[in-house]
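Participant: Here's a structure for you.
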Amino acid sequence: MFDVIIAGCGPTGAMLAAELRLHDVRVLVLEKETAPKSFVRIVGLHMRSLELMAMRGLLDRVLRHGRQRPAGGFFAAIPKPAPKGLDSAHPYLVGIPQPVIERLLEERAVELGAQVRRGSAVTGLAQDDEGVTVELADGERLRSRYLVGCDGGRSTVRKLLGVGFPGEPSRTETLMGEMEVGVPQEEIAAKVAEIQETTRSFWLRPFGGGIYSVVVPAAGVGDRAEPPTLEDFEQALRAIAGTDFGVHSPRWLSRFGDATRLAERYRVGRVLLAGDAAHIHPPIGGQGLNLGVQDAFNLGWKLAAQIRGWAPEPLLDSYQAERRPVAEDVLDNTRAQMELLSTEPGPRAVRRLLTELMDFEEVNRHLIEKITAIGVRYDFGDGPDLLGRRLRDIDVAQGHLYSLLHRGRGLLLDRTERLTVGGWSDRVDHLADPTAALDAPCVLLRPDGHVAWIGDDQRDLDDHLSRWFGEPAG
C-alpha cells in the first residue's frame with residue numbers, strides 16, 4: 001500500500017512527488033503515456049517558480065538548460081520593461097523546453113525515491129475511511145492512503161469524483177508550433193509587423209538554425225485532442241497573411257483555445273486535484289505551468305504532514321482555501337488579457353489606455369507581480385503586510401535563506417537569539433542570526449517559504465507553531 005498515488009507525471013505531478021519524498025512519504029506516480037513528450041515547446045518559468053526551484057536546490061539544474069530573458073512584456077504582450085527593484089533575487093524569466101523541465105522534475109522525484117510507472121492510465125477509483133482504491137486500464141487495482149489528480153485539463157480523476165468544472169468553453173483557437181520557413185527573415189518581419197497592428201495573436205519568431213516559432217489564429221475551434229497538421233498552418237497563414245511563408249519541416253504542432261474553467265472543489269475526502277486538473281485558462285502570460293508547480297509546492301508539505309500524523313486539523317483543507325483564490329485571480333487576469341488582444345474598437349481603446357497607465361511604475365509593478373506570482377498573499381489573519389507573503393531569498397549568516405529550505409521543513413529565523421522551536425525541532429529548523437537582512441525581529445516560515453508569524457514573544461510563537469506544525473513532540 002502506498003501513502004500517495006499521483007495520477008499524471010507532468011510538472012505538477014513530478015514536483016508533488018518530489019515534495020512528498022522529502023518527508024519519506026511512499027509515492028507512486030502513474031502516467032498514462034508510455035514515453036515522455038517529444039515535442040519541443042518552450043515554456044517560461046516565472047520569478048516565483050524560480051524561487052521554488054532555489055528553495056529545493058534545483059535552480060542550477062534549470063538554469064543550465066534554459067535561457068534567461070527580462071521579466072517584462074508579459075501582460076497582454078504589452079511591450080513594457082519590468083520596473084526596477086523587483087522584490088526577488090531572480091527578477092527574470094527562464095525559457096526552457098517543456099520536455100526538459102518535465103524530465104528534470106521527474107528525475108528529481110526518482111532520485112528522492114518516488115516510483116514512476118508509465119503506460120498506466122487510471123480508469124476508476126473508490127475511497128473509504130482508510131484509503132483509495134485505484135483501478136487501471138488493464139484491470140489492476142492499487143491501494144493508497146490518498147490520491148492526487150495531476151492529470152491535466154481533461155482529468156479522469158476529476159471526472160470520476162464528479163467535481164464540477166464550470167467556466168467558459170473555447171470561443172477561439174490558436175495554432176502554435178515550430179517549423180522552418182522558406183522566405184527571408186526581412187520579408188517575414190515586415191509582414192508580421194503589418195499584421196500585428198490589428199491582430200495580436202500572430203507571430204513568426206526566429207529561434208535560430210532556420211527554426212521559427214509560429215502562432216496564428218485558426219478559422220474555428222477544433223478537437224484539442226487531435227494535433228493540427230502542417231496543412232492547417234498553411235491555410236491559416238494564407239488566410240491572415242496572404243502567404244504561408246513556405247513553412248515546412250515542423251518540429252511540433254499544437255493548438256490551444258481560450259477555455260477558462262475552475263474546479264468547484266480541490267478535495268473530496270482522500271482525493272485531491274492540482275494543476276490543470278483543477279484549473280484551465282488561455283496560455284497568455286505564461287502562467288499555466290507555473291500555477292500547477294506552485295499548487296504542488298503548497299500541497300506537498302501539508303499532505304505529508306497529514307500522512308506523518310502531525311498535521312493540525314484544518315491544515316490539509318488550507319490547500320484549497322489558499323490555492324483556489326489564486327487560480328481565480330489567474331483566470332480573471334487571463335480573461336482580461338484575452339480581451340485586450342481583440343481587434344474590436346472598444347478593447348483596442350482599453351489596450352491603449354492601459355499601455356499609458358503602465359508607464360506609471362506602480363501599475364507596471366502590480367501587473368508584473370500578479371503574473372509572476374510574487375505578489376500572492378495568503379490570508380493568515382490580521383498582521384503586518386509581510387504576513388502570508390513569501391519571503392525573498394535574503395542574505396543570512398550562512399549565505400542565502402533559500403539554501404536553508406532544501407529539506408522542505410519549516411524555519412524560524414530569529415534575529416533576537418532568544419527564541420526556540422522546542423518540541424517542534426523534528427519539523428522546524430532554527431537559525432539565530434542577528435545579522436539577517438530582515439526588517440522584523442523574527443519570522444516563522446512554512447516549508448513553502450510563506451511567512452506564518454512575525455514577532456519576538458515565545459508564547460505567541462508556540463501558538464503559531466501549533467497552528468501550522470501540530471502538537472510538539474514528547
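Participant: Tell me which residues, restricted to the range 178-221, are modelled with pLDDT under 85 and of a type in the set (S, T, N, Q).
Facilitator: Gln196, Thr198, Thr199, Ser201
Participant: Considering (1) in a loop (DSSP other than H, G, I, E, B); (2) in contact with a helix residue (DSSP H, G or I) (Cβ under 6 Å, 6 or more places away or on another chain), say which one Lys84 fails and leave the rest.
Facilitator: That leaves (2) as the condition not met.
Participant: Can you pull out the residues in the range 380-395 that are free of Cβ contacts under 8 Å to residues at least 40 places away in the same chain and open to solvent by 50 Å² or more (accessible area, probe 1.4 Å)?
Facilitator: Filtering the range 380-395 for residues free of Cβ contacts under 8 Å to residues at least 40 places away in the same chain gives 381-382, 385.
Answer for the range 380-395, where residues must be free of Cβ contacts under 8 Å to residues at least 40 places away in the same chain and open to solvent by 50 Å² or more (accessible area, probe 1.4 Å): Asp382, Asp385.
Participant: Also: Across the range 112-161, which residue is surrounded by the most Cβ atoms within 10 Å (Cβ to Cβ) among those that are without any contact (Cβ under 8 Å) to a residue 24 or more places away in the chain and of a type in the set (Asp, Glu)?
Facilitator: The extreme case among them is Glu135.
Participant: Across the range 371-414, what is the total count of residues that are farther than 25 Å from Gly85 by Cα and not charged (D, E, K, R)?
Facilitator: As a first pass, look at the range 371-414 and keep what is farther than 25 Å from Gly85 by Cα: 379-382, 406-412, 414.
With not charged (D, E, K, R) added as a condition, the list becomes 380-381, 406, 408, 410-412.
Looking only at that region, the number is 7.
Participant: Would you say Asp295 is surrounded by 19 or more Cβ atoms within 10 Å (Cβ to Cβ) and in a loop (DSSP other than H, G, I, E, B)? Can you show your working first?
Facilitator: Working: surrounded by 19 or more Cβ atoms within 10 Å (Cβ to Cβ): yes; in a loop (DSSP other than H, G, I, E, B): no.
When the stated conditions are applied, Asp295 does not pass them.
Participant: In the set Leu104, Leu86, Leu93, which member is touching a residue at least 60 places away in the same chain (Cβ under 8 Å), crowded, with 17+ Cβ neighbours inside 10 Å, more than 16 Å from Gly8 (Cβ to Cβ) and touching a His at 6+ places or on another chain (Cβ under 9 Å)?
Facilitator: Details: Leu104 fails: touching a residue at least 60 places away in the same chain (Cβ under 8 Å); Leu86 fails: touching a His at 6+ places or on another chain (Cβ under 9 Å).
Exactly one of Leu104, Leu86, Leu93 is touching a residue at least 60 places away in the same chain (Cβ under 8 Å), crowded, with 17+ Cβ neighbours inside 10 Å, more than 16 Å from Gly8 (Cβ to Cβ) and touching a His at 6+ places or on another chain (Cβ under 9 Å), namely Leu93.
Participant: Using the structure shown, decide if Glu339 is closer than 24 Å to Thr12 by Cα, open to solvent by 20 Å² or more (accessible area, probe 1.4 Å) and of a type in the set (Asp, Glu). Break it down into steps so the answer makes sense when it comes.
Facilitator: Working: closer than 24 Å to Thr12 by Cα: no; open to solvent by 20 Å² or more (accessible area, probe 1.4 Å): yes; of a type in the set (Asp, Glu): yes.
Here the answer is no, as Glu339 does not meet what is asked.
Participant: Another question, then. Just the residues that are on the phi < 0 side of the Ramachandran plot, among the small types (Gly, Ala, Ser) and in a helix (DSSP H, G or I), please, taken from the range 263-292. Quick ask: steps written out before the conclusion?
Facilitator: So the first thing to find is which residues in the range 263-292 are on the phi < 0 side of the Ramachandran plot, and the list is 263-268, 270-274, 276-284, 287-292.
Narrowing the set further to residues that are among the small types (Gly, Ala, Ser) leaves 263, 274, 277-278, 288, 292.
Of everything in the range 263-292, those that are on the phi < 0 side of the Ramachandran plot, among the small types (Gly, Ala, Ser) and in a helix (DSSP H, G or I) turn out to be Ala277, Gly288, Gly292.
Participant: Could you list, in sequence order, the residues of the range 426-440 that are open to solvent by 70 Å² or more (accessible area, probe 1.4 Å) and closer than 25 Å to Glu471 by Cβ? Reasoning before the result, please.
Facilitator: Filtering the range 426-440 down to residues open to solvent by 70 Å² or more (accessible area, probe 1.4 Å) leaves 426, 430, 435, 439.
Residues satisfying the conditions are Asp426, His430.
Participant: Looking at Ala321, Ala327 in this structure, which one is in a helix (DSSP H, G or I), among the hydrophobic types (A, V, I, L, M, F, W, C), under 23 Å from Asp379 (Cβ atoms) and open to solvent by 50 Å² or more (accessible area, probe 1.4 Å)?
Facilitator: Ala321
Participant: Those residues that are surrounded by 12 or more Cβ atoms within 10 Å (Cβ to Cβ) and closer than 15 Å to Ser342 by Cβ, I need them from the range 196-205; list them, please. So that I can check it myself, show each step before the final result.
Facilitator: If we filter the range 196-205 for residues that are surrounded by 12 or more Cβ atoms within 10 Å (Cβ to Cβ), which is where we start, we get 196, 199-205.
Across the range 196-205, the qualifying residues are Gln196, Thr199, Arg200, Ser201, Phe202.
Participant: Which members of the range 446-457 meet the condition of being under 11 Å from Asp414 (Cα atoms) and assigned to a strand (DSSP E or B)?
Facilitator: Correct list: Ile454 only.
Participant: Among the residues of the range 451-465, which ones are in contact with a helix residue (DSSP H, G or I) (Cβ under 9 Å, 6 or more places away or on another chain), open to solvent by 10 Å² or more (accessible area, probe 1.4 Å), in contact (Cβ under 8 Å) with a residue 24 or more places away in the chain and not charged (D, E, K, R)?
Facilitator: Scanning the range 451-465 gives a single hit, Gln458.
Participant: Then there is this: Can you name the residue in the range 416-434 that is within 33 Å of the chain's Cα centre (by Cα) and of a type in the set (Val, Ile, Thr) and is also nearest to Asp463 (Cα to Cα) among such residues?
Facilitator: Initially, the range 416-434 is screened for residues within 33 Å of the chain's Cα centre (by Cα), giving 421, 424-433.
Going one step further and asking which of them are of a type in the set (Val, Ile, Thr), we end up with 421, 428.
Numbers: Val421: 11, Val428: 14 Å.
Among those residues, the one meeting the criterion is Val421.
Participant: Also: Looking only at residues that are touching an Asp or Glu at 6+ places or on another chain (Cβ under 9 Å) and free of Cβ contacts under 8 Å to residues at least 60 places away in the same chain in the range 239-263, which one is least open to solvent (accessible area, probe 1.4 Å)?
Facilitator: Ala241
Participant: Another one. Would you be able to tell me the number of residues in the range 177-195 that are open to solvent by 30 Å² or more (accessible area, probe 1.4 Å) and either within 20 Å of Glu339 (Cβ to Cβ) or among the hydrophobic types (A, V, I, L, M, F, W, C) (or both)?
Facilitator: The qualifying residues number 4.
Participant: What pairs can you find where one residue is in the range 396-413 and in contact (Cβ under 8 Å) with a residue 24 or more places away in the chain, the other is part of a loop (DSSP other than H, G, I, E, B) and exposed (fewer than 13 other Cβ atoms within 10 Å of the Cβ), and their Cβ atoms are less than 8 Å apart, with a gap of 6+ or different chains?
Facilitator: These pairs meet every condition: Val396/Thr435; Val396/Ala437; Ala397/Thr435; Leu404/Gln398.
Participant: Within the bounds of the range 265-273, is there any residue that is surrounded by fewer than 18 Cβ atoms within 10 Å (Cβ to Cβ), at pLDDT 95 or above and among the small types (Gly, Ala, Ser)?
Facilitator: Yes, the range 265-273 contains a residue that is surrounded by fewer than 18 Cβ atoms within 10 Å (Cβ to Cβ), at pLDDT 95 or above and among the small types (Gly, Ala, Ser).
Participant: Could you tell me which of the residues Asp460, Asp439, Asp426, Asp379 is in a helix (DSSP H, G or I) and of a type outside the set (Phe, Trp, Tyr)? Please lay out each step first, then the result.
Facilitator: Values: Asp439 fails: in a helix (DSSP H, G or I); Asp426 fails: in a helix (DSSP H, G or I); Asp379 fails: in a helix (DSSP H, G or I).
Result of the check over Asp460, Asp439, Asp426, Asp379: Asp460.
The values are calculated or read from the model by the stated rules, or taken from the named source; none is laboratory data. Computed from a prediction, not measured in an experiment: that's the story for all the values here. We place every Cβ from the backbone using ideal geometry, glycine too, and count neighbours over all the protein chains shown. Remember, those area values only see protein heavy atoms, side chains included, never the ligands or the DNA or RNA. Shrake-Rupley method; radii C 1.70, N 1.55, O 1.52, S 1.80 Å.
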